[in-house]
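The values are calculated or read from the model by the stated rules, or taken from the named source; none is laboratory data. Bear in mind that the values here come from a model prediction, so they are computed numbers and not experimental data. Please note: Cβ atoms are built from the backbone with ideal geometry, for glycine as well, and neighbour counts cover all protein chains shown.
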Amino acid sequence: MLVENYPENFKAGFVALVGRPNVGKSTLLNNILGTKLSITSPKPQTTRMRILGVKHDKDAQIIFLDTPGVQKGKDILTKTVVESAVSSMEEADLIAMVIDATTGWTKEDEKILENYLKKYNKPAILIINKVDKVNKESLLPLIDEVSKKFDFKEIVPTSATKGTNLDRLVEVLKKYLPESPPLFPEDQITDLPLKFYIAEIIREKAFNVLRDELPYSVAVEVESIREGDRNKNLLFIDAVIYVEKENHKKIVIGRKGQTLKKIGKMAREELEALLGKKIYLNLWVKVKERWKEDIRLLKMLGYQYIS
């Protein structure tokens, strides 16, 4: 929907954040927007589908497409994750590739460059993230190396967690967007349905509580959201955590239900802060074998690009 009454020479366009898993794309998006849209955890494969976030400025509107990390895999979920990233690159006006300063340029980065950036031949910038974790002396050789790989319009070192260079990054991105009216109203920062947003917060807490005990076999479905009959600032939320095996269910529930209670408490507290409402969160754990191959369930969970 086009917005009226915008300044002359206004710019608006789509920027796809791409890169291998765990380079900090979601943290970058959250800190640029100043609010939490994409969930984060130390684990790769945290982001599973395209997240749209809108940065509003007086002279531009940057519509970020935070994509899942490009990775290999044969199950339907992983193929859907990759298709989500590919689709975002196809519709973007500008591609922002993110790499990790602590690892330098990797074989996975090279594959993304060869298979995607060169294929789509769109303007691209390179973001070298996590520069707070390396010596400044090591950055110059890395910048020199990557500048020879591809015709990146600009290379921007950042630290998403520290906020380093994020203002400069925003200004760089604006330069390569087309002149256009705003594409989203000023009060809209995402197109995420509330159910998906809540499910992602719960999934993040499960990832962070479980750590390495249960790598990637957790999915969350929000079954219902109900306002209080007399209090509209009260939300009752029922959600299911799906796992693939019975022993996974025991891990998620924990001894005397303590692990599940911890996940629920962390999710509830964050949702109350984000939504500004009192939350009653009911969580269940169900076993769904091979849920990553269940097309009906994946569609129900909100995963896109499933044919």
Original post:
What are the residue pairs meeting all of these: first residue in region 180-198, first residue among the charged types (D, E, K, R), second residue not in a helix (DSSP H, G or I), Cβ atoms under 8 Å, and 6 or more apart or on different chains?
Top reply: GLU186/VAL3; GLU186/HIS56; ASP191/LEU52; LYS195/VAL222; LYS195/ILE225; LYS195/GLY302
**OP:** Could you list, in sequence order, all residues of region 229-257 that are in a loop (DSSP other than H, G, I, E, B), in contact (Cβ under 8 Å) with a residue 40 or more places away in the chain and more than 26 Å from the chain's Cα centre (by Cα)?
**Re:** ASN231, ASN233, LYS245
Original post:
Does any residue in region 119-134 that is touching a residue at least 24 places away in the same chain (Cβ under 8 Å) come within less than 8 Å, Cβ to Cβ, of a residue that is of a type in the set (Phe, Trp, Tyr) six or more places away or on a different chain, and which pairs are these?
Top reply: PRO123/TYR176; ALA124/PHE150; ALA124/PHE152; ILE125/PHE152; ILE125/TYR176; LEU126/PHE150; LEU126/PHE152
**OP:** Scan region 211-225 and give yes if some residue there is in contact (Cβ under 8 Å) with a residue 24 or more places away in the chain, out of contact with any Pro (no Cβ under 9 Å at 6 or more places or on another chain) and within 30 Å of LYS122 (Cβ to Cβ), otherwise no.
**Re:** no
Subject >> Condition broken by LYS174, with the remaining ones in (1) under 30 Å from LEU271 (Cβ atoms); (2) in contact with a Lys or Arg (Cβ under 8 Å, 6 or more places away or on another chain) satisfied >> reply: (1)
Subject >> Selection status of PHE184, assigned by TED's automatic domain parsing to the domain that holds LEU65, surrounded by 14 or more Cβ atoms within 10 Å (Cβ to Cβ) and not small (Gly, Ala, Ser) >> reply: no
Original post:
If you check ASN165, ASN129, which single one turns out to be crowded, with 19+ Cβ neighbours inside 10 Å and not assigned by TED's automatic domain parsing to the domain that holds SER224?
Top reply: ASN129
Subject >> Residues located in region 140-172, provided they are within 22 Å of GLY53 (Cα to Cα), in a loop (DSSP other than H, G, I, E, B) and hydrophobic (A, V, I, L, M, F, W, C) >> reply: ALA160
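Just to check your reading of the model, which residue among ILE125, ILE198 is closer than 25 Å to THR35 by Cα and within 18 Å of the chain's Cα centre (by Cα)? Spell out the reasoning first.
Working: ILE125 fails: within 18 Å of the chain's Cα centre (by Cα).
Going through ILE125, ILE198 in turn, the sole match is ILE198.
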